[in-house]
Amino acid sequence: MTQTKQGGLPPGFKLDQYTIVRELSSGGFSRVYLALDCHDDKYAIKEYLPQSLASHTAEHQVMVNNELDRDTFRIGLKCFFEEARVLAGIKHPNVVQVSNFFPANQTVYMVMSYASGRSLVREVELSGGALPEARLRQIFALLISGLREVHRHHLLHLDVKPANIYLKRNGTPVLLDFGAARQHALQHDKRFISMYTPGFAAPEQHQAKGQLGPWSDIYSVGACIYACMGIGGPPAANVRTDAVLPALAPAGRIYSAELLSLVTQCMALDVEARPGSLMQVQKVLNGVYSAPQPPAPGLWQRVSGWLHQEVKS
């Protein structure tokens, strides 16, 4: 029996024209490696490896753990390959560039551009937990340009979250790590683990027969903006009982009414209540907006003001 191992490809491993440097991340559906080509240019390489179904052999081949899962593995492989093929045809500054994809080691690899920068999660941390409104609007207006191009190619993202939004050193946002292949594989075979992120996944992604579409990514965009406001993580859609987002009210001290209204609409539980297109969302983000309204003075502030006026007189 062939021995299997849980680790990924080791540093120095030759994969086609690339050399593995180290593993960047590992999830339930794939592993991602940093690699160099023959010119020492950096790339991120994603390996199709659903860990509930398959693992590496000692020779670094991908082997299905149970022969009964082979058809399920192939369904996911087909979805992964098709996603790579579509992404390779998208050339947009706000979408990660897939430069190559190929079969090897009994699986498929997707080669993506790699640039220095940091995730939106880190950007928010460095900003004290909340992004200024002007910067927030700029990031998401650009990001939506990329997401619109993705939709134009009849592909959904389905995993838009701050961890999958990367900011280059010049501040340009890039959309990473698509979840469409995972979601489509799940719809074909329930043995795939659903890997949406609570808080950022639209309510229809929680439903066994939920109808997915551009509106699903619109919900996630709204949830990402919410997460950048310093009011905590967005509530999971499957535990919300109505459309109200109570934590948005305190954000009115920092952010405009127009932005709060946009987030509320994007995160509507009812698909019909969300903006009809990403273009509409982008238009609001690029539009004029009013300054936040200062909170009404409380009783103590009013009494203090009155006493101050009495002393002056």
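No lab work stands behind these numbers, since they all come straight from the coordinates. Predicted model, so just to flag it, every value in this text is computed and none were measured. Neighbour counts run over all protein chains shown; Cβ positions are idealised from the backbone, glycine included.
By the gyration tensor of its Cα atoms, with a ≥ b ≥ c the square roots of the eigenvalues, what is the shape of segment 14-113: rounded for a/c under 1.5, prolate for a/b over b/c, or oblate? Working shown, then result.
Working: a/c = 2.18, a/b = 1.40, b/c = 1.56.
Cα axes put segment 14-113 in the oblate bin.
A simple spin-label model places the labels of Q61 and V288 6.8 nm from each other, with each point 7 Å out along Cα-to-Cβ. Put a dot 7 Å past each Cα toward the Cβ at Q17 and L126; how far apart are the dots in nm? In this crude label model, L126 to Q17 measures out at 3.3 nm. Bridges between two residues of the chain, per DSSP, are antiparallel at a rate of about 95%.
Among the listed pairs K168/K209; K46/K283; K42/K161; K14/K168; K78/K161; K14/K209, those with a Cα-Cα distance over 32 Å are K168/K209; K46/K283; K14/K209. A P(r) calculated from all alpha carbon pairs of the chain, with 20 Å bins opening at zero, reads 30, 51, 15, 4, 0 percent. Kirkwood hydrodynamic radius, segment 117-286, all distinct C-alpha pairs: what's the number in Å? Kirkwood radius, segment 117-286: 16.1 Å.
How long is the gain from V239 to R135 if the chain were fully straight, where each residue apart is worth 0.36 nm and the alpha carbon distance is subtracted? Before the final figure, lay out the partial values.
Numbers: separation 104, 0.36 × 104 = 37.44 nm, distance 3.05 nm.
Extending this stretch completely gives an extra 34.4 nm.
In terms of the mean number of neighbouring beta-carbon atoms within 10 Å, the peptides 41-51, 200-210 order highest first as 41-51, 200-210.
Between S52 and K78, the simple spin-label model (points 7 angstrom out along Cα→Cβ) gives 1.9 nm.
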